[in-house]
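Asks: Here it is: the structure, laid out below.
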Amino acid sequence: MILVTGASGTMGKAVLKEVAKTGEQHRAMYRSATEAAKAPAGASTVIADFSKKDTLPPALEGVTSVYLVCSPIPQLIELEWNMIDACVAAGVKHIVLNSAMGAREYMKSFPSWHRRVEDKLKSTRISFTILRPNSFHQNILTYFAPSIRSQGAFYGSMGSAAVSFLDVRDIAAVAAKALAGGEHSGKTHELNGPEALTYGELATKISKHSGRPVQYVDIPADAQRKAMLEQDMPEWQADALLDLQAYYTGGKGGKVDGLLEELLGRPPITMDQFLAEFSSEFRRQAEAATA
Ligand SMILES: NC(=O)c1ccc[n+]([C@@H]2O[C@H](COP(=O)([O-])OP(=O)(O)OC[C@H]3O[C@@H](n4cnc5c(N)ncnc54)[C@H](OP(=O)(O)O)[C@@H]3O)[C@@H](O)[C@H]2O)c1
């Protein structure tokens, strides 16, 4: 039995779909009944919370493999540690941990939090697979599409740094394979997408697929921080995002290797495929309706 945690989130939802395709018995973990009610038809669900330790043993009953993911919040360390402890107590055999690119060497921001969890997992006797993905294609919809819709532009302090974005659905497909353990046991997979793009190149691609001019506007990091705080982003999050951005501008985010394709056994989803699929997300509502 496989337990997929974070089943309401971007990664967990995609992993749940991939695990369902394998035909393995599985259970989806949610924090609330409202979210559990949105589970795919026929999926077995459980309600539990990493912060409520007594909810974890029932969620883990009969479970052999766990896909472990949590929101990128500072409490992630303690929350995922709680789940790892519960997995040890429940006799779980294998954990696939959703970590992040940079956890190997960048001791700041999200990667440093993920590293603390990786280290804890490795200190147990549970077999593990660690996935360290680069930035998701789907971030473009979350972070850039709103200002693209309203202003035809997105903003950052990335300069000419390149990012090899990859698709959540491809990471999920790798996670589903890794949940079987086997050749993936004891492995840490650093996952990058099939091409490295600067934000300027990304803007050109979004323009092409959305059919409207879209510009990337480079602004100083101080101005970006101010804008994030003005949009009510908590200070810790603005700082973590800027620290992560510094990792990318340091030239660390543009690696392209064949590992993702090798693990998938097929070519990964490209940025062009992703943008073609979600092209309407970049148009104003009225434009999208008439397109
Ligand atoms: N975005 C990127 O480009 C990127 C790249 C590399 C790595 N990552 C990492 O990928 C991870 C997942 O990202 P995501 O976009 O899938 O996040 P997400 O959409 O925020 O999903 C996080 C999931 O964790 C659940 N969760 C939060 N607190 C919990 C708790 N106390 N107990 C149980 N479940 C809890 C959430 O449940 P609720 O819905 O109830 O809140 C949600 O299902 C993050 O750790 C992030 O650092 C992201």
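The values are calculated or read from the model by the stated rules, or taken from the named source; none is laboratory data. Since the model is a prediction, treat every value here as computed from it, not as a measurement. In this analysis, Cβ positions are derived from the backbone assuming ideal geometry, glycine residues included, and neighbour counts consider all displayed protein chains. When the accessible area is computed, the model is the full protein with side chains, heavy atoms only, and any ligands, DNA or RNA have been set aside. Shrake-Rupley method; radii C 1.70, N 1.55, O 1.52, S 1.80 Å.
Asks: Angle between the Cα long axis of helix 10-22 and the longest principal axis of the chain, 0 to 90 degrees, nearest 10?
Replies: Computed tilt is about 60 degrees.
Asks: Shifting gears a bit: Show me the ranking of peptides 107-117, 183-193 by mean Cβ neighbours inside 10 Å, starting with the highest. Show your work: numbers first, answer last.
Replies: Numbers: 107-117: 19.8, 183-193: 17.8.
Final packing ranking: 107-117, 183-193.
Asks: Continuing with the same structure: Sticking to Cα atoms, compute the Rg of region 1-56 to one decimal and its Dmax as the biggest Cα-Cα distance, whole number, in Å.
Replies: Rg and Dmax of region 1-56, Cα atoms, are 10.6, 31 Å.
Asks: Measure off, as a whole percent, the carbon and sulfur share of the 1.4 Å-probe accessible area of the chain, all protein chains present.
Replies: Values: 6980 of 13550 Å².
With neighbouring chains kept in place, the figure for the chain is 52 percent.
Asks: Separate question: Report relative contact order for region 14-54 in percent, whole number only (criteria: Cα-Cα under 8 Å, sequence separation at least 6).
Replies: 35 percent
Asks: Moving on. Return, for the Cα atoms of region 141-291, the radius of gyration and Dmax in Å, separated by a comma.
Replies: 17.2, 51
Asks: Another question about this same structure. If a/c stays under 1.5 just call it rounded; otherwise compare a/b with b/c (prolate if a/b is bigger, oblate if not). Do that for region 1-115, with a ≥ b ≥ c from the square roots of the Cα gyration tensor eigenvalues.
Replies: Taking the square roots of the gyration eigenvalues as a ≥ b ≥ c, region 1-115 is prolate.
Asks: Divide, for region 116-229, the radius of gyration over alpha carbons by 2.2 N^0.38 Å, where N is the residue count. Spell out each step's value before the answer.
Replies: Values: Rg = 17.9 Å, N = 114, 2.2 N^0.38 = 13.3 Å.
Here the answer is 1.35, to two decimals.
Asks: Give the residue from Ala7, His137, Cys70 lying farthest towards the positive end of the charge dipole for the chain; charges sit on Cβ (+1 for Lys and Arg, -1 for Asp and Glu) and the dipole is referred to the Cα centre.
Replies: Selected residue: Ala7.
Asks: Still on this structure: Suppose every K and R has +1 on its Cβ and every D and E has -1 on its Cβ; what is the size of the dipole of region 119-236 about the Cα centre, in Debye to the nearest 20?
Replies: Working: 13 positive and 12 negative charges, 70 e Å.
In total the dipole reaches around 340 debye.
Asks: Just read off the accessible area of Met233 with the full protein assembly in place, 1.4 Å probe, to the nearest 10 Å².
Replies: Accessible area, nearest 10 Å²: 40 Å².
Asks: Measure nothing fancy, just the Cα-based angle from helix 109-122's long axis to the longest principal axis of the chain, in degrees from 0 to 90, nearest 10.
Replies: For helix 109-122, the angle is close to 20 degrees.
Asks: Kindly provide the helix-only [θ] at 222 nm of the chain, computed as the sum of -39,500 (n - 2.57) over DSSP H runs of four or more divided by all residues, to the nearest 500 deg cm²/dmol?
Replies: Working: 13 runs with 122 residues, N = 291.
One gets -12000 deg cm²/dmol as the mean residue ellipticity at 222 nm.
Asks: Relative contact order for the chain: what is it in percent, counting Cα pairs under 8 Å that are at least 6 residues apart?
Replies: Taking the mean separation of contacting Cα pairs over the length of the chain, I get 18 percent.
Asks: Kindly work out what percent of the DSSP beta bridges joining two residues of the chain are antiparallel, to the nearest 5.
Replies: Beta bridges within the chain, antiparallel portion: roughly 5 percent.
Asks: Still on this structure, please answer the following. Using amide H atoms built 1.01 Å from N in the peptide plane, name the residues 5+ places from Glu190, or on other chains, whose amide H lies under 5 Å from its own.
Replies: Arg132
Asks: Using a 1.4 Å probe, what is the accessible area per residue for the chain, in Å²?
Replies: In whole numbers, the chain has 47 Å² accessible per residue.
Asks: A further question on this structure: At a 1.4 Å probe radius, which order do Tyr155, Tyr199 fall into by accessible area, largest first?
Replies: Sorted descending by solvent-accessible area, the residues read Tyr155, Tyr199.
Asks: Compute the semi-axes of the equivalent ellipsoid of the chain, taking the square root of 5 times each eigenvalue of the Cα gyration tensor, and list them largest first in whole Å.
Replies: 33, 21, 19
Asks: Any idea what Rg and Dmax come out to for region 57-117 if you just take the C-alpha atoms, in Å?
Replies: Just the Cα atoms of region 57-117 yield Rg and Dmax of 12.3, 37 Å.
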